[in-house]
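The values are calculated or read from the model by the stated rules, or taken from the named source; none is laboratory data. Source: prediction; values computed, not measured. Backbone-built Cβ (ideal geometry, glycine too); neighbour counts: all protein chains shown.
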Amino acid sequence: MAATSDGRAAARPADLARLRRARDRMDREYARPLRVGDLARDAAMSAGHFARSFTRAYAESPYQYLMTRRIERAMALLRAGVPVTEAAFAVGYGSLGTFATRFCELVGEPPGAYGHRWRGATLELDPCVARLVTRPVRNREARVGERA
């Protein structure tokens, strides 16, 4: 296996294709309960190898990736005026408390406050541009960026 510029082992092309299919499944089925073991089985990998390979390829764990996609979709629903509870259940959360906690971790403010502040803010933008400019950034990443 070849090394990347940061010295980590690069994934094989066949593994990357399987990882991409798993990532695409998470993008499509974000509201369904997805387990790493099931995704790994679909990718013909062990759960540990899948998780390590996914993290190496996409710079976040499968769980982090899925949670980010869910919060991203919830942000779009909140901007469209959907109530917080409906948004939480629509993106696959079974608990409003868990949703609010994850939302605050990624966005930096509670979902209700976000919805009130940004409602209708991206209506004039193309959906692909709106997704890019509103993508959630983990608070830890935001703090690291502020120091730089």
Requested in this report: Go through the residues of segment 3-16 one by one and say whether even a single one is part of a strand (DSSP E or B) and either touching a strand residue (DSSP E or B) at 6+ places or on another chain (Cβ under 8 Å) or at pLDDT 90 or above (or both).
Outcome: yes
Query raised in the report: For segment 63-119, list the helices (runs of 4 or more DSSP H) that sit wholly inside it and hold at least 2 residues that are closer than 27 Å to L39 by Cα, touching a residue at least 24 places away in the same chain (Cβ under 8 Å) and in contact with a helix residue (DSSP H, G or I) (Cβ under 7 Å, 6 or more places away or on another chain); which are they?
Result: 84-90, 96-107
Query raised in the report: Just checking, which of R25, R32, R20, R56 is of a type outside the set (S, T, Y), under 27 Å from F89 (Cα atoms) and surrounded by 15 or more Cβ atoms within 10 Å (Cβ to Cβ)?
Result: R25
